[in-house]
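Here's the structure we're looking at; comments come further down.
The values are calculated or read from the model by the stated rules, or taken from the named source; none is laboratory data. Source: prediction; values computed, not measured. Note that we place each Cβ from the backbone using ideal geometry, even for glycine, and neighbour counts take in every protein chain shown.
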Amino acid sequence: MSRIPDKPTPDGLEDRWIARWESDGTYHFDRSATRDEVFAVDTPPPTVSGSLHVGHIFSYTHTDLVARYQRMRGKHVFYPMGWDDNGLPTERRVQNYYGVTCDPSLPYDADFTPPEEPADPAIPISRPNFVELCLRLTEIDEQAFEELFKHVALSVDWRHLYTTISPEAQRVSQRAFLRNLARGEAYSAEAPTIWDVSFGTAVAQAEIEDRERPGAYHRIAFPRTDGEGDIEIDTTRPELLPACVALVAHPDDERYQPLFGSTVGTPLFGAEVEIRPHELADPEKGTGIAMICTFGDTTDVTWWRELQLGLRAIVDRDGRLKPVEWGSPGWECGDPATAQKAYDELAGKYLNQAKRRIVELLDEGGHLRGEERKITHPVKFFEKGDRPLEIVTSRQWYIRNGGRDDDLRQLMLGRGEELVWWPHYMGARYRSWVEGLNGDWLISRQRYFGVPFPVWYPVGEGGAVDHDSPIVPSEDRLPIDPTTDAPDGFDESQRGHPGGFVADPDVMDTWATSSLTPEIAGQWEDDPDLFARVFPMDIRPQSHEIIRTWLFATVVRAHFEFDSLPFRNSTISGWILDPDRKKMSKSKGNVITPMGLLEQYGSDAVRYWAANGRPGVDTAFDEKVMKVGRRLAMKLLNATKFVLNLTGEDAAAGLVGGEVTEPIDRALLAELRGVVDVATRSFDDFDYARALERTEALFWRFTDDYVELVKGRAYGDGSDEAIRSAHVTLATALSTFHRLFAPHLPFVTEETWSWWQDGSVHRAPWPTVDELAAGADGDPTVLTVAADVLSEIRRAKTEAKTSLRTEAETVVVSDTDARLALLAQADRDVTGAGRVRSLSTTPAEEFSVEVTLATA
RNA sequence: GGGCGUGUAGCUCAGCUGGUCAGAGCAUCUGCCUUACAAGCAGAGGGUCGGGGGUUCGAGUCCCUCCACGCCCACCA
């Protein structure tokens, strides 16, 4: 046991064991294992756009705890890692980091080098140059991510690392899309689309959030065509008046019932619009009658579609009012010249500028009633954006998800039922999302750093692009970029020419690729043998706010492609909250960087903190818990050193599981059996926290009570048989504790294990009740009674403010006969540990101990 | 507006299918160099388990209701 240091410390264990695990391939996946022998993890690929924070450490540790447990249970753990580097977050980071902006019309500049400092104003660069910078920057981040994850001992098989922008991931993504397209599950359509004017791209329903914003009601009078007065409506979007195509009120609203079918003129523009009934109109809001504009919000889209109204689109893709020719088809009005004059005051202005101006115009024209009334109301934003979303009509790609098809919706709800949710109530998030879907999944983005749609369109002889007959590549060509690759049967010279082709310019949303993480990690079609061994996966760990995006989308893709779930269990982790119980996030500036914590407390201590967070429960960030974790790690080191010293050189050889004769030794093993059982069942239910809590509780009793009680015997005080019994029990317990703690404290347990065992503790078998057979008939009360008495002796010494070394002259224990009988089975250990000269007992109803201390 | 969750010692949290369930750790206080550990050890004080009803022989534990907080969803007039 020369390997045991004099002063054990958790510091520095990380570097040594990380290197060792890497060289030994401790966490390598054995791909000869069959599916039932495999435990596969659909690891969440973190977004590569900056740095990881403690929240990542928290949730990724949870997954690792389960992976390590399963590995020790004998499963072949498939535990890949991925980096989600494609998509808007990376683009945005690159723009800020280098001070560049992507202009797809520019040619590639092979000599371009980014500025040292972010350029201001931003330098426009070509799409290929832009993509190069994205790749360069993400690579830097990804190296830091990998180092951090290794440092917290994620037992990932790093040979199975993927990135979502890699050619392999693009191939999977494009292949899945083409198959969706071939089966009719993907389609393109020209339709009103929720649009972010800052990023210049369409966004999906799942990426929208409401934010409370100040606004104001303006009451506008619409003159009735029959001259019988005005209809007053309230609106927060007066700038959309030129886009008004109808007024709408509830069919049961008696105030407006007589008016349904009649018309009014729009103020300033004189367009004649009809008053229509629709259930979505709310009699309680405003004046109970609203103007329908194309388009102010998604309700407008519903009304427009269901009432089959005309289209007057005025918002362009930059969020400005576009030029309109009043009097032309679709823009009929009573007096085109007047309408045009008014509109020209607005055209070219951004929406909020147009709003101010039109209010002035309305006011001057006497069309406003009363003062504007300021309110705050929910406004829809792209979750990554900072300007309100608009709705513009554009051609986009969609994947069906049940949002417009109730049969499919029911099937998707069924998948949610089939999936096992941990915690179980998280299934409600999925259900409410699927039930609330109001359209198919919009997957195209008018962006640059993503997976291109593998699609071209034929250009007719007249130069018209035929979007309804896309040209697709064969799967063996994938991945392709249609903007640089030509379709089969064409050559590059035909690009953009009559009779030739054009590329689809868009890229897929990042969720359209990350919804395929099981397929990407499992190398679907590229390595069918591997895929068959790992798919569907066992767990999908993730946080709850992306159930509607990542989880749901992954279920949709697997449903279509494999008619199965992509994973059996969904393990949802909570959030890390700062001490004010707010979610930690970069935008709030309350993020704590993880590397400093890992270095200060040690990785095991930080993992201990993470492991204390219950599955699915938001947890406060608390460094005090890390201190406790560090103390536990330290205790494990010292206790191991001590126990191995007590048991002697032969601790490893044959002692574990040997014969145990003393009742108090059997009592400890009986307790240990209970903990092994609970820890095992807890881990089977992904409750790593309970496993730790129970293990830890017994471990402290082990060191504070059991070891104290038996150390005299273990040192040699007693019969050979009794000494041997203590040695066997200590070694058995130590081996069990090392393995029970191994998932939580991988570094110290590996260290302590190495002092007396061969191989990695992380490849050792998970302890079982059967190994602890000697405790099967043990009575735990023996240990309890002995510890109770010892505790009373300690109390007497403490209250006398004397050292625990002080001898007790006499100790008289009063207790029930049953307990006294059990105490008798351990009395020699008790007198030894308590330094008692004379121990006697008297029967009594209540437990009490009378201690007379020896005078010093 | 609908749904889900949380509310237990100053703090962070355990308390699984109702009967040692009133707990742990931290913090506080009092002590102790005890042949593993002073980044340690021994001990003490501290809570009418969010409020109010109810079921029960018995309720943090089940039911109802209210309050507070968090999250998810919901058509921006």
- Query: Conditions: (1) more than 14 Å from RNA strand B (Cβ to nearest atom); (2) touching a Pro at 6+ places or on another chain (Cβ under 7 Å); (3) among the acidic types (Asp, Glu). A:GLU279 meets all but one. Number of the miss?
  - Reply: (1)
- Message: Show the residue pairs meeting these rules: Cβ distance below 7 Å; 6+ apart or different chains; first residue within region A:177-203 and on the phi < 0 side of the Ramachandran plot; second residue of a type in the set (Asp, Glu).
- Response: A:LEU178/A:GLU475; A:ARG179/A:GLU561; A:TRP195/A:GLU390; A:VAL197/A:ASP318; A:VAL197/A:GLU390; A:SER198/A:ASP386; A:VAL203/A:ASP196
- Task: Go through region A:521-546 residue by residue and tally those that are buried (at least 16 other Cβ atoms within 10 Å of the Cβ) and over 19 Å from A:SER474 (Cα atoms).
- Result: 17
- Message: Quick check on this structure: which one of A:GLU461, A:GLU390, A:GLU418 is of a type in the set (D, E, K, R), buried (at least 19 other Cβ atoms within 10 Å of the Cβ) and out of contact with any helix residue (DSSP H, G or I) (no Cβ under 7 Å at 6 or more places or on another chain)?
- Response: A:GLU390
- Across region A:171-205, what is the total count of residues that are within 11 Å of RNA strand B (Cβ to nearest atom), surrounded by fewer than 21 Cβ atoms within 10 Å (Cβ to Cβ) and of a type in the set (A, V, I, L, M)? 0
- When you go through (1) touching a residue at least 12 places away in the same chain (Cβ under 8 Å); (2) closer than 26 Å to A:VAL830 by Cβ; (3) not small (Gly, Ala, Ser) one by one for A:LYS801, which number turns out not to apply? (1)
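Keeping to region A:407-435, report how many residues are touching a strand residue (DSSP E or B) at 6+ places or on another chain (Cβ under 6 Å) and more than 14 Å from RNA strand B (Cβ to nearest atom). Write out each step before concluding.
Here is the first cut: in region A:407-435, the ones touching a strand residue (DSSP E or B) at 6+ places or on another chain (Cβ under 6 Å) are A:419-422, A:426-427.
This time we only want the ones that are more than 14 Å from RNA strand B (Cβ to nearest atom), so: A:419-420.
Summing the residues that are touching a strand residue (DSSP E or B) at 6+ places or on another chain (Cβ under 6 Å) and more than 14 Å from RNA strand B (Cβ to nearest atom) in region A:407-435 gives 2.
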- Task: Select from region A:295-308 the residues that are surrounded by fewer than 24 Cβ atoms within 10 Å (Cβ to Cβ) and not in a helix (DSSP H, G or I) and list them in ascending order.
- Result: A:GLY296, A:ASP297, A:LEU307, A:GLN308
- Message: Just to check your reading of the model, which residue among A:GLU284, A:GLU325 is of a type in the set (Asp, Glu), farther than 20 Å from A:VAL392 by Cβ and either free of Cβ contacts under 8 Å to residues at least 40 places away in the same chain or touching a helix residue (DSSP H, G or I) at 6+ places or on another chain (Cβ under 7 Å) (or both)?
- Response: A:GLU284
- Working only within region A:328-351, note down all residues that are buried (at least 17 other Cβ atoms within 10 Å of the Cβ) and in contact (Cβ under 8 Å) with a residue 60 or more places away in the chain. A:TRP331, A:CYS333, A:ALA339, A:ALA342, A:TYR343, A:LEU346, A:LEU351
- Give the residue that is surrounded by the fewest Cβ atoms within 10 Å (Cβ to Cβ), with candidates limited to residues of region A:206-238 that are of a type in the set (D, E, K, R), within 7 Å of RNA strand B (Cβ to nearest atom) and part of a strand (DSSP E or B). A:ASP210
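Is it the case that A:ALA354 is crowded, with 20+ Cβ neighbours inside 10 Å and part of a helix (DSSP H, G or I)? Spell out the reasoning first.
On the way: crowded, with 20+ Cβ neighbours inside 10 Å: yes; part of a helix (DSSP H, G or I): yes.
Yes.
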- Scan A:PHE453, A:PHE501, A:PHE449 and give me the residue that is in contact with a helix residue (DSSP H, G or I) (Cβ under 8 Å, 6 or more places away or on another chain) and at pLDDT below 95. A:PHE449
- Query: Under 9 Å by Cβ, and 6 or more places apart or on different chains, what pairs join a residue from region A:1-19 that is more than 14 Å from A:ALA153 (Cα to Cα) and modelled with pLDDT under 90 with one that is more than 15 Å from RNA strand B (Cβ to nearest atom) and assigned to a helix (DSSP H, G or I)?
  - Reply: A:MET1/A:GLU649; A:ARG3/A:SER754
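Results for (1) aliphatic (A, V, I, L, M); (2) out of contact with any Leu (no Cβ under 8 Å at 6 or more places or on another chain), shown as yes or no for each residue.
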position	(1), (2)
A:THR729	no, no
A:LEU745	yes, no
A:THR749	no, no
A:TRP755	no, no
A:HIS762	no, yes
A:ALA774	yes, no
A:LYS797	no, no
- Number of the exception - A:ALA249 against (1) within 16 Å of RNA strand B (Cβ to nearest atom); (2) under 21 Å from A:LEU362 (Cβ atoms): (2)
- Query: Among A:ARG713, A:ARG681, A:ARG701, which is the only one that is assigned to a helix (DSSP H, G or I), free of Cβ contacts under 8 Å to residues at least 40 places away in the same chain, of a type in the set (D, E, K, R) and within 13 Å of RNA strand B (Cβ to nearest atom)?
  - Reply: A:ARG681
- Contact list, first residue from region A:245-257 and closer than 13 Å to A:THR294 by Cα, second anywhere and part of a loop (DSSP other than H, G, I, E, B), beta-carbon distance below 7 Å, six or more apart or interchain, is A:VAL245/A:THR294; A:VAL245/A:LEU309; A:VAL245/A:GLY310; A:VAL245/A:ARG312; A:ALA246/A:LEU307; A:ALA246/A:LEU309
- Query: Between a first residue in region A:402-423 that is more than 15 Å from A:ALA558 (Cβ to Cβ) and a second residue that is of a type in the set (Asp, Glu) and crowded, with 19+ Cβ neighbours inside 10 Å, which pairs have beta carbons less than 8 Å apart while being 6 or more apart in sequence or on different chains?
  - Reply: A:GLY403/A:ASP440; A:ARG404/A:ASP440
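Is it the case that some residue within region A:475-486 is in a helix (DSSP H, G or I) and in contact (Cβ under 8 Å) with a residue 60 or more places away in the chain?
Applying the first criterion (in a helix (DSSP H, G or I)) to region A:475-486 yields A:475-477.
Now restrict to residues that are in contact (Cβ under 8 Å) with a residue 60 or more places away in the chain: A:475.
Among the residues of region A:475-486, at least one is in a helix (DSSP H, G or I) and in contact (Cβ under 8 Å) with a residue 60 or more places away in the chain, which makes the answer yes.
Among the residues of region A:716-747, which ones are under 20 Å from A:ARG73 (Cα atoms), out of contact with any His (no Cβ under 9 Å at 6 or more places or on another chain), assigned to a helix (DSSP H, G or I) and not hydrophobic (A, V, I, L, M, F, W, C)? Break it down into steps so the answer makes sense when it comes.
As a first pass, look at region A:716-747 and keep what is under 20 Å from A:ARG73 (Cα atoms): A:732-747.
Cutting the leftovers down to out of contact with any His (no Cβ under 9 Å at 6 or more places or on another chain) gives us A:732-741, A:744-745, A:747.
Checking the rest, the ones that are also assigned to a helix (DSSP H, G or I) come to A:732-741, A:747.
Those that are under 20 Å from A:ARG73 (Cα atoms), out of contact with any His (no Cβ under 9 Å at 6 or more places or on another chain), assigned to a helix (DSSP H, G or I) and not hydrophobic (A, V, I, L, M, F, W, C): A:THR732, A:SER735, A:THR736, A:HIS738, A:ARG739.
Tell me the helices (runs of 4 or more DSSP H) entirely within region A:2-94 that contain at least 2 residues that are more than 19 Å from A:ALA610 (Cβ to Cβ).
Passing ranges, in order: A:13-24, A:88-94.
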- Being within 11 Å of RNA strand B (Cβ to nearest atom), surrounded by 24 or more Cβ atoms within 10 Å (Cβ to Cβ) and more than 22 Å from A:ALA764 (Cα to Cα), is that true of even one residue in region A:724-737? no
- Enumeration of residues in region A:207-237 that are within 26 Å of A:ASN438 (Cα to Cα), touching an Asp or Glu at 6+ places or on another chain (Cβ under 9 Å) and not acidic (Asp, Glu): A:ILE208, A:ARG237
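This table checks each residue for (1) closer than 25 Å to A:ASP488 by Cα; (2) free of Cβ contacts under 8 Å to residues at least 40 places away in the same chain; (3) within 16 Å of RNA strand B (Cβ to nearest atom).
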| site | (1), (2), (3) |
| --- | --- |
| A:LEU437 | no, no, yes |
| A:VAL451 | yes, no, no |
| A:GLY460 | yes, yes, no |
| A:GLY463 | yes, yes, no |
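Name the one entry in A:THR831, A:THR806, A:THR816 that is among the β-branched types (Val, Ile, Thr) and in contact (Cβ under 8 Å) with a residue 40 or more places away in the chain.
A:THR806
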- So which pairs qualify, if the first residue must be in region A:296-313 and touching a residue at least 40 places away in the same chain (Cβ under 8 Å), the second must be of a type in the set (Lys, Arg) and surrounded by 15 or more Cβ atoms within 10 Å (Cβ to Cβ), the Cβ gap must be under 6 Å, and the two must be at least 6 apart or on different chains? A:GLY296/A:ARG237; A:LEU307/A:ARG276
